[in-house]
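Down below is the structure, laid out as structure tokens.
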Amino acid sequence: MPHDPYRALYIHVPFCTSRCAYCDFTTQAIPAGAPVIDGYIEQLIERIRQLSREGELAALETVYVGGGTPTHVGSKNLTALLYALGLSMHLTPEVECTIEANPESLTERMVADIWALGANRLSLGVQSFDDDICAVLGRAHNGEAARRALAAAQTRFENVSIDLMCGVPGQDRARFASDVREAVSRGVAHVSIYPLTIEERTPFARMVRAGMIDQPDEDAQADMMEDAARILRAAGYERYEVASYARLGFESRHNSAYWAGVPYLGIGTSATTMTQNAHRRMRVQDGQVVDDLDAVQMAAEDMMLGMRRSCGVSLEEVERVAQLLPALRQVLSDLEARGLVVRDAGRYKPTERGWLCGNELYGALLDSASL
Ligand code: SF4
């Protein structure tokens with residue numbers, strides 16, 4: 001279908017050193033240097049060159065190489081991938097180019113190489129600086145390796161993000177708060193905080209069924225999320241999305257594009273492409289259409305995505321969307337009465353309670369398409 005230009009590119013690298021106990025992402029544990037890795041990278045490069053010839057990479061504003069563990073493919077493959085990108089699109093300093101990294105495979109040499117080739121943001125999967133918590137999660141690194149990798153990343157990159165997880169078995173509030181404080185003291189630009197969820201077909205799901213660990217306690221996780229919000233805010237980080245905190249100017253533009261309903265292109269196994277024009281939005285994964293929305297459903301989805309961000313949606317946007325969704329104004333008034341959104345400075349914004357009861361908030365906005 002004729003579509004608006006893609007503005008964000010996601011490249012999926014489905015390889016890891018080992019499989020973490022909580023992970024249901026599309027990835028496989030495979031030895032570093034396995035020939036299948038080189039073959040996969042070659043395919044990615046061919047696809048990038050083809051999309052460039054077709055003109056699909058001309059308007060990209062952000063690139064995100066994620067996984068899996070992109071750094072597990074090694075410096076040679078990662079630099080080949082970035083080199084191909086540099087030849088295929090305008091990989092200028094204005095384009096946000098993020099590489100996801102894990103502590104066990106990020107080296108100082110790799111940091112220098114990928115920075116020289118145009119990467120300008122590193123997202124490091126730390127999860128915890130605490131050896132016991134890393135072991136429970138089945139991470140391939142301990143706290144010291146995470147510290148070493150972070151220091152290596154910061155030899156070149158100012159824009160370094162880390163992920164931290166809360167609600168892990170054996171992790172109390174004090175232990176989690178100490179992880180958050182360490183992130184602050186090490187000067188990272190961006191922190192993402194995720195509560196542990198037990199996904200089907202993971203070692204953790206089997207352990208829950210066998211009674212070896214409990215389901216995460218949602219109240220305890222909410223307390224930890226609040227602790228993180230307090231510590232990070234006091235240190236000058238702004239919570240610009242439900243799970244994301246950044247020092248001023250270091251908000252992730254790639255993630256923000258997802259929440260703003262911007263069309264994006266996905267390359268690689270299981271990567272989703274979102275193609276859209278004014279009337280239709282389609283998501284395609286591995287050649288299969290997984291979502292096909294009309295203009296009304298798109299509008300409801302944009303309202304829902306807007307509430308993931310602290311800035312919410314403007315009253316002008318609400319007025320525009322209400323032409324398509326007559327029930328929207330009433331739905332927002334109800335959400336306001338329930339304390340899930342608030343009207344502030346010409347916008348509807350999510351409240352802390354709205355984020356904690358995210359399913360209720362997002363569900364009500366999505367349902368407004370069928371009222
Ligand atoms: S490193 Fe990330 S993608 Fe790989 S198994 Fe662990 S959580 Fe999953």
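The values are calculated or read from the model by the stated rules, or taken from the named source; none is laboratory data. From a predicted model like this one, the values you see are computed outputs, not experimental measurements. For neighbour counting, all protein chains shown are included, and Cβ atoms are generated from backbone atoms with ideal geometry for every residue, glycine included.
Some points to look at:
- Residue within region 306-325 that is surrounded by fewer than 17 Cβ atoms within 10 Å (Cβ to Cβ) and closer than 30 Å to L44 by Cα present: no
- Helices (runs of 4 or more DSSP H) (entirely within region 188-264) containing at least 3 residues that are over 19 Å from the mean Cα position of the chain (by Cα): 203-209, 218-234
- Residues in region 124-171 that are away from the ligand (no atom under 16 Å from the Cβ) and within 17 Å of the chain's Cα centre (by Cα): 2 in all.
- Checked across region 41-59, the condition of being without any contact (Cβ under 8 Å) to a residue 24 or more places away in the chain, within 15 Å of the ligand (Cβ to nearest atom) and either farther than 17 Å from G266 by Cβ or surrounded by 22 or more Cβ atoms within 10 Å (Cβ to Cβ) (or both) holds for no residue.
- Qualifying residue in region 277-286 (condition: of a type in the set (V, I, T) and either buried (at least 18 other Cβ atoms within 10 Å of the Cβ) or modelled with pLDDT under 95 (or both)): no
- Scope region 1-40; condition touching a Cys at 6+ places or on another chain (Cβ under 9 Å), in a loop (DSSP other than H, G, I, E, B) and within 9 Å of the ligand (Cβ to nearest atom); matching residues: C23, F25, T27
- Test: E100 is at negative phi and either touching a Gly at 6+ places or on another chain (Cβ under 6 Å) or not assigned by TED's automatic domain parsing to the domain that holds P203 (or both): yes
- Residues of region 111-123 that are more than 16 Å from the ligand (Cβ to nearest atom) and either outside any loop (DSSP other than H, G, I, E, B) or within 21 Å of the chain's Cα centre (by Cα) (or both): V111, A112, D113, I114, W115, A116, G118, A119, N120, R121.
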